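Enquirer: Just dropping this structure here.
Read-outs: derived from the displayed coordinates by stated rules, not from any lab. What you see is a predicted model, and the numbers here were worked out from it, not measured in a lab. Neighbour counts are summed over all protein chains in view; Cβ atoms, including those assigned to glycine, are modelled from backbone coordinates with ideal geometry.
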């Protein structure tokens, strides 16, 4: 695999920023890793970080580079700070950056497929929220999305997590996001009622995680309105031991058109 730390200028943000990118490389002489490279453009997983992290965290806390080596898939990990993948009330327009500018820039830099069936998004915690929000708001862009311990009931989270309130006010101001495009529960209902494409969804959360109740609420809503979601609630907390194990399950679950051969 090739690992690229990519610094670039964002017209949307009006500043220089960065993303970390993993690209397939077939390297028969690389010891201990089975690497493959597909012909043509690569399927791509946009992998989103959590509230206190950045674009490097998945590499630092998991073996994501090794996990994807045999899939022939690229991984793009952007940096959005504590924006909740939103256009901030008092800050930068990170939703517009994420959903409009980033994919175009990444595809201009690297040979990434722009076909819906080759595009996936996943994330943890704040990034799990971002992954579901992105897939549900832009269902024509993604075949599947995965949330690991995601903030899936953000309206309740804002009310019950005072230590994040100040930063969340920078993102959303004093708005009640219930029933808006920042509300993944509302987005799920909207997607279920739509005749358009419906991304496959996978959610997992540890039963000891402080976000567990919000994840259960999301699953119960999905069952009630008939939107199928692959769900795994199992023992675990809000930590990298859990996410490292479950990102491997996500990679096996992703509906890649074909698994690359070694």
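Enquirer: On a C-alpha basis, how far is the centre of segment 112-174 from the centre of segment 1-40 in Å? Whole number, if you could?
Expert: The two parts, judged by their Cα centres, are 23 Å apart.
Enquirer: A follow-up question, please. So what is the relative contact order for the chain, in percent, with contacts set as C-alpha pairs under 8 Å and at least six apart?
Expert: After rounding, I find 18 percent.
Enquirer: Can you work out the FRET efficiency for the pair residue 176 and residue 258, with r the C-beta to C-beta distance and R0 = 41 Å, to the nearest 0.05?
Expert: 0.35
Enquirer: Using 1/(1 + (r/R0)^6) with R0 = 30 angstrom and r between the beta carbons of residue 34 and residue 104, what's the FRET efficiency to the nearest 0.05?
Expert: The computed FRET efficiency comes out at 0.40.
Enquirer: Here is a further query. Give me the extension gain from residue 116 to residue 140: residue separation times 0.36 nm, minus the current Cα-Cα distance, reported in nm with one decimal.
Expert: 8.0 nm
Enquirer: Taking only Cα atoms, what is the 0 to 90° angle, nearest 10, from helix 240-253's long axis to the longest principal axis of the chain?
Expert: It is inclined by approximately 70 degrees.
Enquirer: Let me ask something else about it. For the chain, take the longest principal axis of its alpha carbons; what is the angle in degrees between that and the long axis of helix 126-137, to the nearest 10 within 0 to 90?
Expert: 90
Enquirer: Further question: Between residue 193 and residue 90, what FRET efficiency follows from the Cβ-Cβ distance if R0 is 35 Å, with the result rounded to 0.05?
Expert: Computed FRET efficiency for residue 193 and residue 90: 0.60.
Enquirer: Sticking with this one: Roughly what % antiparallel, to the nearest 5, for the DSSP beta bridges in the chain?
Expert: 35
Enquirer: Hey, can you rank 218-228, 181-191, 40-50, 117-127 by average C-beta count inside 10 Å, highest first?
Expert: 117-127, 40-50, 181-191, 218-228
Enquirer: How would you order 71-82, 4-15 from highest to lowest mean count of nearby Cβ atoms within 10 Å?
Expert: Top to bottom by mean Cβ count within 10 Å: 71-82, 4-15.
Enquirer: Still on this model: Zone of residue 217 (label point 7 Å along Cα→Cβ, backbone N under 15 Å): which residues in segment 138-159?
Expert: 150-159
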